[in-house]
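Working notes, beginning with the structure itself.
Each value in this text was obtained by applying a stated rule to the coordinates, not by laboratory testing. Bear in mind that the values here come from a model prediction, so they are computed numbers and not experimental data. We place every Cβ from the backbone using ideal geometry, glycine too, and count neighbours over all the protein chains shown.
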Amino acid sequence: MQTPTDNAVDAANEAPDSAAAGALDWHDVGEPDDFPDGAVWPVVAGGMAIAVFRQGEALHALHDLCTHGNARLSEGYIEDGCIECPLHQGLFDIRTGKPCGGPVT
């Protein structure tokens, strides 16, 4: 699996053409089988801490830092497609990085 060093790493999947996706800097962080279903794995790509998630056949990656506090999302809990921050229990959608619940916004 490769991941760009962008905070919204899944945005490349929504890019209208491959030229837009190619604008990101991609880094190899492992093979798909390295990431078991339902788990979160911390990796470093391009000097940035990334949390990698697997849901079935889909792999997702987010910046491994809560936007609300200085906590690693890779140390959180996955439930209903969201990762829960271990510090203040803020929720982020693992597919998009968008908040699923407070205190994060």
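When a/c reaches 1.5 or more, the comparison of a/b and b/c decides; with that in mind, is the range 37-77 rounded, prolate or oblate per its Cα gyration tensor? Here the range 37-77 falls in the oblate category.
Per-residue Cβ neighbour counts within 10 Å put 50, 78 in the sequence 78, 50, beginning with the fewest. Neighbour counts of other Cβ atoms within 10 Å put 92, 53 in the fewest-to-most order 53, 92.
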